[in-house]
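Each remark here refers to the structure printed beneath this line.
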Amino acid sequence: MDRPLEIILRSLEAFGCKPRSTRGNQWVAKCPSHDDRRPSLSITEGSDGRVLLHCHAGCSPEDVCGALGLELRDLFPANGTKNPSGGKDSPKPAAYPTAKEAILAYGLEKPSSFWVYKDAQGQPVAVVARWDTSQGKEIRPVTRVQDGWAWGGPPDPRPLYRLRELLAASPETPVVVVEGEKTAEAGVKFGLLATTSLGGAKAAKKTDWSPLRGRKVIILPDNDKAGEGYAEDVVSLCRKAGAASVKILRLAD
């Protein structure tokens, strides 16, 4: 059976991303998830055979795998990854009893932080975990399924972050859309009704924006190309959802 690294490199090569080795267990390639003019995707093989992907433009590992026709589980060896249902050589189960066990099964140790997405009834539907590593940040989602929790993001349409708080707020309160859960929480600390979408800069279209119907929306984009692309997508999606007004506020200006 092919190693995960071989699968990823072969898929990148077939996609025209031209992966090349830089040193030891590290490679770089053009990211298949966005219009990449210079290689911005770092690929690292871990000591246990798992593959770490980091797009410096902001695409998530889920975005990269999706663009290649792969799943997050393809980044991990079929056996040998620690998981809560057995020893380290036990095959990975399709679902884990809890979100915590699914997150730890990625084999990246305890996450630096995590954020919970809930539906309109307040039930958890997904958890996004973040690890701050020497190669940069790693962000991986897990999703509630019928038998527990599984790797990957939830099916479309996905709920907005802090949906319950959004629905409970006065219709007159402006909604501030940012890129990423960490930034949304920072906005909340400043008293803003802040939200974001799951999956990074390239996944806005996978989210249900209808809760913003009739509301005033302010978008605070990240000060980079990916942030501008995300802001433009959100403008279009909010208008289609029937937002009362939508404006982009660039703090860098």
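The values are calculated or read from the model by the stated rules, or taken from the named source; none is laboratory data. Just so you know, these numbers come straight off a predicted model, no measurement behind them. Because the Cβ atoms are built from the backbone with ideal geometry, glycine has one as well, and the counts that use them run over all protein chains shown. Calculation scope for accessible area: heavy atoms of the full protein, side chains included, ligands and nucleic acids excluded. Shrake-Rupley method; radii C 1.70, N 1.55, O 1.52, S 1.80 Å.
Assorted remarks:
- Using θ = phi - 60° in the Karplus curve 6.51 cos²θ - 1.76 cosθ + 1.60, the 3J(HN,Hα) couplings for region 10-20 round to 5, 5, 5, 5, 5, 7, x, 8, 6, x, 9 Hz; x is entered for Gly and Pro.
- Accessible area per residue for region 83-236, computed on protein heavy atoms with a 1.4 Å probe, is 48 Å².
- For region 19-77, the solvent-accessible area with a 1.4 angstrom probe is 45 square angstrom per residue.
- For the listed residue pairs K110/K182; K137/K216; K182/K205, the alpha carbons are over 27 angstrom apart in K137/K216.
- Centroid-to-centroid separation of region 1-58 and region 91-159 [C-alpha atoms, Å]: 22 Å
- Amide N of region 17-39 lying under 13 Å from the label point, which is placed 7 angstrom from the Cα of S47 along Cα→Cβ: none
- Using a simple spin-label model with pseudo-atoms 7 Å out from Cα toward Cβ, A120 and A78 lie 4.3 nm apart.
- Amide H to amide H, with H built 1.01 Å from N, A244 comes under 5 Å of G214, R215, K216, counting only residues 5 or more places away or on other chains.
- The accessible-area ordering, largest first, of the residues K225, K182 stands as K225, K182, per a 1.4 angstrom probe.
- Portion, in percent, of the accessible area of the chain that falls on carbon or sulfur, probe 1.4 Å: 50 percent
- A full extension of the chain between D147 and S245 corresponds to an added length of 31.2 nm, given 0.36 nm per residue minus the alpha carbon distance.
- Mean ellipticity per residue at 222 nm, deg cm²/dmol - from DSSP H runs of n ≥ 4 across the chain, formula -39500 (n - 2.57): -6500 deg cm²/dmol
- In region 1-71, the trypsin sites (Lys or Arg not before Pro) that fall in loop regions by DSSP, at most 11 other Cβ within 10 Å: R37
- Cross-link reach list, aspartates and glutamates versus K240, counting only Cα pairs under 13 Å and skipping chain neighbours closer than eight places: D208, E232
- Given a 1.4 Å probe and the protein chains as shown, D224 ends up with an accessible area of around 70 Å².
- Note that region 142-153 has calculated 3J(HN,Hα) couplings of 10, 10, 6, 10, 4, 9, x, 10, 10, 5, x, x Hz, one per residue in order, obtained from phi through the Karplus relation 6.51 cos²θ - 1.76 cosθ + 1.60 (θ = phi - 60°); glycine and proline are x.
- Between amide H atoms placed 1.01 Å from N, distances below 5 Å from Y117 occur with V125, A126, V127, V128, all of them 5 or more places distant or on a separate chain.
- Summarising the strand pairing of the chain, around 75 percent of its internal DSSP beta bridges are antiparallel.
- Going by accessible surface with a 1.4 Å probe and the largest first, S134, S113 read S134, S113.
- Amide H contacts under 5 Å for L193, placed H, 5+ residues apart: V176
- Student exercise, the chain dipole from Lys, Arg, Asp, Glu Cβ charges, in Debye to nearest 20: 280 debye
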